[in-house]
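Below is one structure, written out as structure tokens; comments come after it.
The values are calculated or read from the model by the stated rules, or taken from the named source; none is laboratory data. These figures come from a predicted structure and were not determined experimentally. Please note: Cβ atoms are built from the backbone with ideal geometry, for glycine as well, and neighbour counts cover all protein chains shown.
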Amino acid sequence: MQPTERAVLRLVVVGHVDHGKSTLIGRLFHDLQLLPEGKLEAIRAMCERRGMPFEWAFLMDALQAERDQGITIDTAQTWLRAKDRDYVVIDAPGHREFLKNMVTGAASAEAALLLIDAQEGVRDQTRRHGYLLKLLGIEQVLVLVNKLDAIGYRHERVAAIEAEFRGYAASIGLPLAGFLPISAREGDNIASRSAQTLWYEGPTLVEALAKLRPMARAVDLPLRLPIQDVYKFDERRIFAGRIESGILRVGDTLVFSPSNKSARVASIEAWACDVPPVEGRAGQSVGLTFAEPIFVERGEVASHEAEPPVETDVFRARLFWLGRNPLRRGGRYKLKLNHQAVPVSVQAIERVIDTTDLSDQASEQVERNAVAEVVLRADSMLALDPHGRLTRTGRFVLVDGYDIAGGGIISMQGYADQRHLMVRRATNLTRVEHEVSLAARELRNGHRGGVLWLTGLSASGKSTLAVAVERRLFNLSYHAYVLDGDNIRGGLCADLGFSPEERAENIRRVGEVAALMSRAGTLVLTAFISPYRSDRDRARKAAGERFHEVYVKADLATCEARDPKGLYKRARAGQIRDFTGVSAPYEPPERPELTIDTGSLTIEQSVQRIVDHVQRHFAEGAAFAGG
Amino acid sequence: MRHLDELESLSIYIFREAFNRIDRLAMLWSLGKDSNVMVWLARKAFFGHVPFPVMHIDTGRKFAEMYAFRERYAREWGLTLLLGECPPVEEIDETLPPAARSAARKTAGLKAMIEKHDLQGVFAGIRRDEQATRAKERYFSPRGQGGAWQFKDQPPEFWDQFNTDFAPGTHLRIHPLLHWTELDIWRYTQRERIPTVPLYFAKDGKRYRSLGDRDITFAIVSEARTIEAVIAELEATLTPERAGRAMDHEAEDAFERLRADGYM
């Protein structure tokens, strides 16, 4: 006989402290006649021992400290058998102090019950929990206005609370599945309709629960299989992992990111399985063997070639912080994203969001239990997805010390997918060795070749300085040449626009050309905003030790006041999208070889400093180490 | 995906995560229905292998059928079996109620094994639906010095990212069955045809629903002689699973005290 399997829905109960979460769960068990034998008597005895009236909360609040203090400390789960399916009911603490436990409980839920005390109305934790439900990706929220008995079942009061909370939910994009007036203590509109709320025409809680949908597995979305481990227990080399989205079949060619290796699936391995599977679907923990020998480690993400994940070492995130110590700008943490574990630094804290009124402010740190938008930079390349595209490969946690201290969802807005910058498509390449050495070229030129990479905001003075320095160096008998943004875009990069990916490609080409010219013995001056650290680091890698980064520094206000091409004005008017400094990020160099503050130096002083730097590092016989 | 497949997939994920992240693992095998499912899931996770030792903390007071089961399946399943002994009850905290004090021998036996083998992670087949303090557990539950459970301040755990970093001198309890219910265990045992100790099936109108030491575990009245009958019985009952385990009922906080001190 095949066992009968019942469907199960995971349901979390959230809301402000003392708004009746635990009481509601007790009431549901009672009304559905599901309380275990002896439980009611046991709870009664516990209450009498403490000299207090009967308390439903003791059903879930199992810890002595919880019962003694009358407060839920940690999340708990229990099982509820309804007519057509079972529910895992997750009780979440409402006290701000225990937000980490609320997140622990709510993160695995498919739907939420959010309770609001009809007397107290919408409170801080009502909003904070609503906001976190949205961040955690809970797509069905039933709002329960509780304790109607305490307000004399007045419709106007319920309507006012509903209007207020619906407004908040709409502003954060939290989907509401219904709004129910109830009394958990008295049992109104729980299992049966209340005679006290004739003005209410909607379903009872039990009816509304039956309408909630189970979360669909992401089988229709692009394939993502993060590699969890590689086993060699016997003659098979098995790559194990859980399919987070999509479907894979035997014979499929998979590409691994970020290594960009690929291999064909030879088999799907399974134990205690009469017929070997030929297909794996989202949600399954699988083991694969490949037709070709391939070296891939834990952390890589397998996908189909047509729809691979983003590759990047920098991204934006909206995160909630649960750590004992605040999250600091510049702070170092361990990022865990699927099975990738990489050190990251907090490059920027763009805004800290107040979940009560949705106002935001700039800050150097994010306190415990706060929500913020940040930019994180990883020490190595990551494979990930924007959360809006794929949920399960678009979120991460941060570890501070030994503990998970925060979680976040990923946005790539303003940042480029660096995948195509990494891939070398041709494989059968053999380098040709020159017969003229670089040393010979430099001896004839009388100076070393190199790249002076000028970076800074628009109107910071890059082009002005580059051409002036070129003139001065020419007069000093240097072979010097300026590569300038607008000139390059007329030819070498005429096919590129201004999206983050195209900007990255633009800089990649300039970096490669500059590197080639420097190896020909020329001193190249480049004048590009080049706002992203990742792009500049790639250009540095291409040119090697001859690369000197020159930070042409001027603050945004100064540049905006200069605005020779009128670009800032147009950007502020919304006529130019993704404009650096206004609507797209500028990431200043961390350790430039030279910084020129054009806000305080004259043009002549600035030119002189750069020329001095060149004489010091690139003239014949100059020390070669950058500095 | 079907419900049992979902449960299975998450358990396999937990096993694989622990095996990759944690050195020196061992799995508790109490010979009961839950830990047999746990061994089965480990073999699924590792394609027929159990790549860490299996540990039976033997109080010396188990039923004869359980010892027979242990000898047979340790061999048939190719398990590396570690046996841990428990100290006599006289050495256990005398402020505990009698049955809890007897059960605490197992905690002492487990702690000795953790120390002896310098274990960093121990798999335990506990479930949230068994007992209210277990309902508050994490999948990866860090234990402080002396194995204590800091239940008032547990680390967050979400999005299947587990706490795999911990201070020297502490260890992890890993709970691959935390999200299963008693009924899930039986339905899965039926589906996968997993062997079980015969004491779970009725003989002379009685059967054991939960197996512990002979002196502190009691049989229930039942006519369920087959696994199908056990499932039908459980679908209808409102009696809690551990009603026959004396240690749970001696005092309101007896189980919490046991667990805080390192009981499973």
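In segment A:354-408, the qualifying residues are those that are in a loop (DSSP other than H, G, I, E, B) and basic (Lys, Arg), and the one that is nearest to A:ASN325 (Cα to Cα) is A:ARG368.
Given B:ARG214, B:ARG225, which one is surrounded by fewer than 21 Cβ atoms within 10 Å (Cβ to Cβ), away from chain A (no Cβ under 14 Å), in contact (Cβ under 8 Å) with a residue 40 or more places away in the chain and not small (Gly, Ala, Ser)?
B:ARG214
The residues of segment A:249-301 that are within 11 Å of chain B (Cβ to nearest Cβ) and closer than 17 Å to A:ARG236 by Cβ, listed by number, are A:GLU269, A:ALA270, A:TRP271, A:ALA272, A:CYS273, A:GLY280, A:SER285, A:VAL286, A:GLY287, A:THR289. The set of residues from segment B:230-240 being out of contact with any Pro (no Cβ under 9 Å at 6 or more places or on another chain) and surrounded by 18 or more Cβ atoms within 10 Å (Cβ to Cβ) comprises B:VAL230, B:GLU233, B:LEU234. For segment A:165-174, state whether one or more residues are under 27 Å from A:LEU136 (Cβ atoms), surrounded by fewer than 21 Cβ atoms within 10 Å (Cβ to Cβ) and within 14 Å of chain B (Cβ to nearest Cβ). No: segment A:165-174 contains no residue that is under 27 Å from A:LEU136 (Cβ atoms), surrounded by fewer than 21 Cβ atoms within 10 Å (Cβ to Cβ) and within 14 Å of chain B (Cβ to nearest Cβ). Could you tell me whether any residue of segment A:325-342 is hydrophobic (A, V, I, L, M, F, W, C), touching a residue at least 24 places away in the same chain (Cβ under 8 Å), within 16 Å of A:GLN365 (Cα to Cα) and within 14 Å of chain B (Cβ to nearest Cβ)? Checking segment A:325-342: not a single residue is hydrophobic (A, V, I, L, M, F, W, C), touching a residue at least 24 places away in the same chain (Cβ under 8 Å), within 16 Å of A:GLN365 (Cα to Cα) and within 14 Å of chain B (Cβ to nearest Cβ). If I filter segment A:378-388 for residues that are buried (at least 20 other Cβ atoms within 10 Å of the Cβ) and more than 16 Å from the chain's Cα centre (by Cα), do I get at least one hit? No, that holds for no residue. Of the residues making up segment B:179-192, those that are facing chain A (nearest Cβ under 9 Å) and part of a loop (DSSP other than H, G, I, E, B) are B:HIS179, B:THR181.
Restricting segment A:73-93 to residues that are facing another protein chain (nearest Cβ under 10 Å) and in contact with a His (Cβ under 9 Å, 6 or more places away or on another chain) leaves a set whose member that is surrounded by the fewest Cβ atoms within 10 Å (Cβ to Cβ) is A:ASP86.
Put simply, of A:GLU505, A:GLU587 the only residue that is in contact (Cβ under 8 Å) with a residue 12 or more places away in the chain and in contact with a Pro (Cβ under 7 Å, 6 or more places away or on another chain) is A:GLU587.
Please work out if B:PRO156 is under 29 Å from A:PRO226 (Cα atoms), part of a loop (DSSP other than H, G, I, E, B), over 15 Å from the mean Cα position of the chain (by Cα) and at the interface with chain A (Cβ under 9 Å from one of its Cβ atoms). Yes, satisfied.
Per-residue answers, yes or no, for (1) assigned by TED's automatic domain parsing to the domain that holds B:LEU28; (2) closer than 21 Å to B:THR170 by Cβ; (3) without any contact (Cβ under 8 Å) to a residue 12 or more places away in the chain; (4) not hydrophobic (A, V, I, L, M, F, W, C):
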residue	(1), (2), (3), (4)
B:PRO98	yes, no, no, yes
B:ALA108	yes, yes, no, no
B:ALA124	yes, yes, no, no
B:ARG143	yes, yes, no, yes
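Would you confirm whether or not segment A:164-183 contains a residue that is charged (D, E, K, R) and either in a helix (DSSP H, G or I) or under 30 Å from A:ALA216 (Cα atoms) (or both)? Yes - at least one qualifying residue is present in segment A:164-183.
Highlighted here are the helices (runs of 4 or more DSSP H) found entirely within segment A:458-523 that include at least 2 residues which are among the polar types (S, T, N, Q) and not assigned by TED's automatic domain parsing to the domain that holds A:VAL314: A:462-475, A:500-519. For residues that are more than 21 Å from A:ARG368 (Cβ to Cβ) and outside any helix (DSSP H, G or I), scanning just segment B:135-153, find the one that is farthest from the other protein chains (Cβ to nearest Cβ). Residue satisfying both the conditions and the ranking: B:ALA148.
Yes or no, residue by residue, for (1) in contact with a strand residue (DSSP E or B) (Cβ under 7 Å, 6 or more places away or on another chain); (2) crowded, with 18+ Cβ neighbours inside 10 Å; (3) within 13 Å of another protein chain (Cβ to nearest Cβ); (4) at pLDDT 95 or above:
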position: B:GLU8; (1), (2), (3), (4): no, yes, yes, yes
position: B:ARG21; (1), (2), (3), (4): no, yes, yes, yes
position: B:ALA26; (1), (2), (3), (4): yes, yes, no, yes
position: B:LYS33; (1), (2), (3), (4): no, yes, no, yes
position: B:MET38; (1), (2), (3), (4): yes, yes, no, yes
position: B:ALA42; (1), (2), (3), (4): yes, yes, yes, yes
position: B:ASP58; (1), (2), (3), (4): yes, yes, no, no
position: B:THR80; (1), (2), (3), (4): yes, no, no, yes
position: B:GLY84; (1), (2), (3), (4): yes, yes, no, no
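Note on segment B:160-179: among residues that are free of Cβ contacts under 8 Å to residues at least 40 places away in the same chain and surrounded by 21 or more Cβ atoms within 10 Å (Cβ to Cβ), the one that is farthest from the chain's Cα centre (by Cα) is B:GLN161.
Residues that are within 14 Å of chain A (Cβ to nearest Cβ) and either among the polar types (S, T, N, Q) or more than 14 Å from the chain's Cα centre (by Cα) (or both) within segment B:99-134 comprise B:GLN120, B:GLN131, B:ALA132, B:THR133, listed in sequence order.
For segment A:10-20, the condition of being modelled with pLDDT of 90 or more and within 11 Å of chain B (Cβ to nearest Cβ) holds for at least one residue.
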